[in-house]
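**Student:** Quick one: this structure, given as structure tokens, is what I'll be asking you about.
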Amino acid sequence: MTKALKGYLMMKLSSYSVTDIGKLRKLNQDYVFTSEVPVGPLPDLFIVADGMGGHKAGEYASKCAVETLVAQVNRSSERGSVRVISKAIREANKRVRQKALSDDNYYGMGTTLVVACLDEEGLCVANVGDSRLYLISGENMRQITTDHSLVEEMVQMGELERGKARTHPDKNIITRAVGVLDEVDVDFFEVEDIAAGDVLLMCSDGLSNMLEDSEMLGIIRSEGSLKEQADRLVAAANMNGGRDNITVVLVRVEK
């Protein structure tokens, strides 16, 4: 083990999560899970899910996916964060898909998932859909995940300017979701250069569609606890319209 990794193992995490129904929705279809202590073979685990579907279907999809994922991780005998999380997401997809096909009230439902774990190798992130994970280091903020959405595909093909993506009328159309197909395609991202003082922001699109990245960074770099910063993010999203459910997870790497 390298000296840098030994130093990383001496760090600890602090976190805060909040989910809010927003200003216009009648149900909160977001679901969140956080654990700074081990879950099965993983040293920690953070999850944000944003459900979609008819009345209560999206709410069920996000809850079912997260609870299935956590249960699968808890009993996992796999080694390595990617293998553990990948197998758990596949099981979550299977459970949500089975329910959608067996009950007409839930047909067509699905959910996004963004999953994070900090281990001895650094940061491991899994993503399906358009919920996001950002890394804030000092005054810099970068989006680690890539949205699985129609507008992101348009941006990648040069058909849409990045600055116009957040307000595009098709911004809510996603191209991947857990539970929609028999098999789920998961993107993984690994970041090794994690240092004390770094902050992770995980969120549903109810936050990222309401605030510019620069606005989110300004709030996270402001004074106060993680709770105060997360609550300010939710308040700002609601002040800008609150058109969707809003979920925020902040994780800070401590010495």
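The values are calculated or read from the model by the stated rules, or taken from the named source; none is laboratory data. Bear in mind the structure is a predicted one, so any value in this text is a computation, not a measurement. Note that we place each Cβ from the backbone using ideal geometry, even for glycine, and neighbour counts take in every protein chain shown.
**Student:** Restrict the check to the stretch 177-186 and report whether at least one residue is within 15 Å of the chain's Cα centre (by Cα) and farther than 29 Å from LYS26 by Cβ.
**Tutor:** Yes; the residues of the stretch 177-186 include at least one that is within 15 Å of the chain's Cα centre (by Cα) and farther than 29 Å from LYS26 by Cβ.
**Student:** Counting only residues that are without any contact (Cβ under 8 Å) to a residue 60 or more places away in the chain and of a type in the set (D, E, K, R), which one in the stretch 62-93 is nearest to ASP182 (Cα to Cα)?
**Tutor:** The selected residue is GLU91.
**Student:** Additional query: Which of the numbered conditions does SER17 fail, given that it passes all the others? Conditions: (1) of a type in the set (Ser, Thr, Tyr); (2) under 21 Å from LEU211 (Cβ atoms); (3) buried (at least 20 other Cβ atoms within 10 Å of the Cβ).
**Tutor:** (3)
Matching residues to (1) under 15 Å from the mean Cα position of the chain (by Cα); (2) over 29 Å from ASP213 (Cβ atoms):
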residue	(1), (2)
VAL82	no, no
SER102	no, yes
THR111	yes, no
CYS124	yes, no
ASN127	yes, no
ASP130	yes, no
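**Student:** With the requirement that a residue be more than 23 Å from VAL37 (Cα to Cα), touching a residue at least 60 places away in the same chain (Cβ under 8 Å) and in contact with a Phe, Trp or Tyr (Cβ under 9 Å, 6 or more places away or on another chain), what does the stretch 104-155 give you?
**Tutor:** Correct list: MET109, THR111, MET141, GLN143.
A quick yes/no check of all residues on (1) closer than 21 Å to GLY206 by Cβ; (2) in a strand (DSSP E or B); (3) at pLDDT 95 or above; (4) over 19 Å from the mean Cα position of the chain (by Cα):
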{"residue": "ALA65", "(1), (2), (3), (4)": "yes, no, yes, no"}
{"residue": "ALA71", "(1), (2), (3), (4)": "no, no, yes, no"}
{"residue": "SER76", "(1), (2), (3), (4)": "no, no, yes, yes"}
{"residue": "VAL96", "(1), (2), (3), (4)": "yes, no, yes, no"}
{"residue": "GLU159", "(1), (2), (3), (4)": "no, no, no, yes"}
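**Student:** Then there's this: Restricting the stretch 23-36 to residues that are within 22 Å of PHE188 (Cα to Cα) and out of contact with any Phe, Trp or Tyr (no Cβ under 6 Å at 6 or more places or on another chain), which is surrounded by the fewest Cβ atoms within 10 Å (Cβ to Cβ)?
**Tutor:** Ranking the qualifying residues of the stretch 23-36, first place goes to GLU36.
**Student:** Sticking with this structure for a sec: When you scan the stretch 141-151, do you find a residue that is hydroxyl-bearing (Ser, Thr, Tyr), surrounded by fewer than 19 Cβ atoms within 10 Å (Cβ to Cβ) and modelled with pLDDT of 90 or more, even just one?
**Tutor:** yes
**Student:** Can I ask one more? Has the stretch 112-123 got any residue that is small (Gly, Ala, Ser), assigned to a loop (DSSP other than H, G, I, E, B) and closer than 21 Å to VAL199 by Cα?
**Tutor:** no
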